[in-house]
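One structure below.
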Amino acid sequence: MPENDVIAAGARAVIRAPHAADEEEFLARVRDSAALHRPWLTPPATPADFRAYLERIAEPQAEGFLVCERESGALAGFVNINAIVRGALLSGALGYGAFVPYAGRGLMSEGIGLVVRHAFDGLGLHRLEINVQPGNAASIALAKRAGFRLEGFSPGFLFVGGAWRDHERWALTADMPGGPGAAP
């Protein structure tokens, strides 16, 4: 992984922007992680989906990051900031997914912390929100570790896996105790 590609680095993980050259590894990780992701999310799974993903995160209202193992550069997961709103709101919604075999090893916690710090310090956002299906214990634990607080419940909030799913809303603001990028 070229050093100039790295947006932020932690002890074990780095975040960087996805590129077209990542397609093969990304899609292989998605295939290997299908059981982990269902029914919680549906990441890009075909070359056309991946190209559409790259186009979407190139728009001003989105940012995309790959979480990579620092030592090997291997893809450990991804984090997106979606629905970025500027002006008086300065907000965005995080979406993320870990990849097998890196799930449960702390790389996503570190990666989320790096993305949160970048969102507040680099992008100038004030608020981030994570929307999680109530049964997704691993994702809820990740939100808590990153310092997000539970704010509410939204029935039928997001269309995931062919159905409208209920979600809990977790949020973090730049001025909350623990501040930007609470310790993972």
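Rounded to the nearest 500 deg cm²/dmol, what is the calculated helix-only ellipticity per residue at 222 nm for the chain, with -39500 (n - 2.57) per DSSP H run of length n ≥ 4?
Only helices count here, giving -7000 deg cm²/dmol.
Residue 25 label point, 7 Å along Cα→Cβ, cut-off 13 Å on backbone N: hits in region 46-85?
Only 66-78 pass the distance filter.
Along the Cα→Cβ direction, 7 angstrom out, place labels at residue 149 and residue 6. What is the inter-label distance in nm?
If labels sit at residue 149 and residue 6, their model points lie 3.4 nm apart.
Sum up the charges of everything whose Cβ sits under 11 Å from the Cβ of residue 54, counting Lys and Arg as +1 and Asp and Glu as -1, but leave residue 54 out.
Computed value for this residue: -3.
Calculate, in nm to one decimal, what residue 157 and residue 103 gain on full extension: separation in residues at 0.36 nm each, minus their alpha carbon distance.
Extra length from residue 157 to residue 103 when fully extended: 16.9 nm.
Along the charge dipole of region 1-96, pointing to its positive end and built from +1/-1 on Cβ of Lys, Arg, Asp and Glu, which listed residue (75, 28, 42) has its Cα farthest out?
Positive-end residue among those listed: 42.
Could you compute the net charge surrounding residue 160? Neighbours are other residues with a C-beta less than 12 Å from the C-beta of residue 160; K and R count +1, D and E count -1.
Cβ neighbours under 12 Å give a net charge of +1.
Counting only other residues whose beta carbon sits under 9 Å from that of residue 12, what net charge do I get with K and R as +1, D and E as -1?
-1
Between residue 52 and residue 166, with labels modelled 7 Å along Cα→Cβ, what's the label distance in nm to one decimal, could you check?
Result for the modelled spin labels: 2.9 nm.
We did not get these values from a lab; they are worked out from the coordinates using the rules stated. It should be emphasised that the depicted structure is a prediction, and the values quoted were computed from it without experimental measurement. A quick note on method: Cβ atoms are made from the backbone with ideal geometry, for glycine too, and the neighbour counts reach across all protein chains shown.
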